[in-house]
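Every read-out reported here was derived from the displayed coordinates using simple, explicitly stated rules and does not represent laboratory data. Source: prediction; values computed, not measured. Because the Cβ atoms are built from the backbone with ideal geometry, glycine has one as well, and the counts that use them run over all protein chains shown.
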Amino acid sequence: MVLLLTITGVMLADEILRPGRFTIERVTISNLLKRVDGPIIERTVWQNLEGNYFTVDLSKIESHLVRLPGVYRAAVRRVWPDSLAVSITESDAIARWHSFTNQAIAKPEFVNLPPGTGLSLQPLLTSDIADRPKVIEAYLELTRILGPIDLEPSAVSMNSAGDFRLAVASKTDHAPSEFEIVIGREDPLKRVGRFAAAFDLALRDRSSDIERVDLRYTSGFAVLWKGMADSSMQLADSRPYGN
């Protein structure tokens with residue numbers, strides 16, 4: 001009996017693995033796409049399809065799909081007897097990402113941001129390769145913190161020491177402005193949160209005059225106004241606006 005089962009198993013395995021058997025004949029997209037080109041999705045699947053219905057590596061295909069601009073998440077499943085069905089979650093926004101090593105800027109890549117990330121510009125993210133997830137997460141949190149005061153990060157960088165620096169732009173047309181924020185490495189999100197509260201109450205009307213804001217102070221931040229020397233930075237106490 002055991003011998004019979006073994007022989008049967010070998011024969012089934014041979015049938016499954018034999019070239020030309022149980023081949024994938026069709027690839028379908030199971031949801032409506034608004035931004036991503038369907039033929040590009042299908043072509044990517046075919047280019048990375050190895051094996052047959054039983055042996056194809058679905059996770060490999062999915063990993064290639066999420067590298068396409070505009071694809072935030074991809075799920076591929078088998079449909080008997082000869083098809084693959086692809087479901088795509090589209091990204092609402094795309095960021096550019098640069099890695100840097102020894103001051104050498106590498107070729108830029110694209111980051112598909114989560115659905116619901118409504119942006120008016122394409123941000124630039126810069127970090128070491130190992131810190132890429134951290135800088136993306138920081139960017140999303142900074143967007144959430146600055147959004148209520150009509151500011152949007154246009155660039156976020158994190159150096160190898162963990163120091164954050166960003167450029168922000170106004171989201172409103174009636175008060176256009178753009179300036180730099182130096183954050184440092186200690187409690188970056190907390191410091192930006194305190195600044196956001198102070199900005200909303202005291203700086204919003206003068207945002208177009210700001211050149212740079214330095215948050216690397218224990219009890220507050222410093223503001224450099226346009227046309228002024230660095231030595232003339234004005235200190236502000238942010239403690240009344242948050243812990």
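If you take the Cα centroid of the range 144-189 and the Cα centroid of the range 22-70, the two points sit 37 Å apart.
Here's the list of lysines a cross-link from K34 could span, going by alpha-carbon distance under 25 Å and ignoring same-chain residues fewer than 8 apart: K60, K171.
Amide H contacts for S154 (H built 1.01 Å from N in the peptide plane; partners 5 or more residues away or on another chain; cut-off under 5 Å): A167, V168, A169.
Under 13 Å of direct C-alpha separation, and excluding same-chain neighbours fewer than eight residues apart, K134 reaches these aspartates and glutamates: D163.
3J(HN,Hα) along the range 181-195: 10, 9, 9, x, 10, 8, 6, x, 5, 5, 5, 5, x, 5, 4 Hz, from the Karplus curve 6.51 cos²θ - 1.76 cosθ + 1.60 with θ = phi - 60°, whole Hz, x for Gly and Pro. Of the trypsin sites (Lys or Arg not before Pro) in the range 137-196, the ones in a loop by DSSP (not H, G, I, E or B) with at most 16 other beta carbons within 10 Å are R185.
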